[in-house]
Amino acid sequence: MNVGQLIEKTGWTLVCGDVDKEIRGGWCGDLLSRVMGSGPLGSAWVTVQAHRNVIAVASLREFACVIFAEGVKPDEALVNLAKQEHVTLIVSPLSIYETAKAMAALGI
């Protein structure tokens, strides 16, 4: 499944990025050192953290996208940085748990 299909099936909001990126798995976490060390390449990463280090970790791990759960919205500076680093950002209104459940139901 790619990012565009995920958005289409969930109704979540694309903030910026490439909808053609292939999602190879999912990962949830807010401890950046853990995500950086263990997040599988190509994953859709679910977090509530919205600061510049998220973009650095997402870029390093080559994540398909970052999904901000609980309706967390990245500010303009974060969106601009994501665009520079080619990181796709999505907002889900659901909790981290419910966001992960929705992804699992889609086979992610």
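Is it the case that some residue within segment 59-76 is over 16 Å from Leu94 (Cβ atoms), among the acidic types (Asp, Glu) and without any contact (Cβ under 8 Å) to a residue 12 or more places away in the chain? Yes: segment 59-76 contains one or more residues that are over 16 Å from Leu94 (Cβ atoms), among the acidic types (Asp, Glu) and without any contact (Cβ under 8 Å) to a residue 12 or more places away in the chain. Return the only residue of Gly42, Gly26 being under 22 Å from Gly107 (Cβ atoms) and touching a residue at least 40 places away in the same chain (Cβ under 8 Å). Going through Gly42, Gly26 in turn, just one is under 22 Å from Gly107 (Cβ atoms) and touching a residue at least 40 places away in the same chain (Cβ under 8 Å): Gly26. The criterion of at least 3 residues that are open to solvent by less than 50 Å² (accessible area, probe 1.4 Å) is met, among strands (runs of 3 or more DSSP E) falling completely within segment 1-60, by 43-47.
Give me the pairs: first residue in segment 82-107 and under 18 Å from Ala58 (Cα atoms), second residue among the hydroxyl-bearing types (Ser, Thr, Tyr) and part of a helix (DSSP H, G or I), beta-carbon distance under 8 Å, and six or more apart or on different chains, which are they? From residues that are under 18 Å from Ala58 (Cα atoms), the pairs are Glu85/Ser59; His86/Ser59; Val87/Ser59; Ser92/Thr10; Ser92/Thr99.
Here are some residues: Gly42, Gly11, Gly37. Which one is in contact with a strand residue (DSSP E or B) (Cβ under 8 Å, 6 or more places away or on another chain) and not polar (S, T, N, Q)? Within the list Gly42, Gly11, Gly37, the selection yields Gly42.
Residue count for segment 81-95 satisfying the condition of being touching a Gly at 6+ places or on another chain (Cβ under 9 Å) and either open to solvent by less than 40 Å² (accessible area, probe 1.4 Å) or within 20 Å of Leu41 (Cβ to Cβ) (or both): 8. Yes or no: Asp75 surrounded by fewer than 16 Cβ atoms within 10 Å (Cβ to Cβ), at pLDDT 95 or above and either under 14 Å from Leu6 (Cα atoms) or β-branched (Val, Ile, Thr) (or both)? In short, no.
The values are calculated or read from the model by the stated rules, or taken from the named source; none is laboratory data. All of these numbers come straight from a predicted model, not from anything done at the bench. Methodologically, a virtual Cβ is constructed for each residue, glycine included, from the backbone with ideal geometry; neighbour enumeration extends over all protein chains shown. For accessibility, only protein heavy atoms count, side chains too; no ligands or nucleic acids. Shrake-Rupley method; radii C 1.70, N 1.55, O 1.52, S 1.80 Å.
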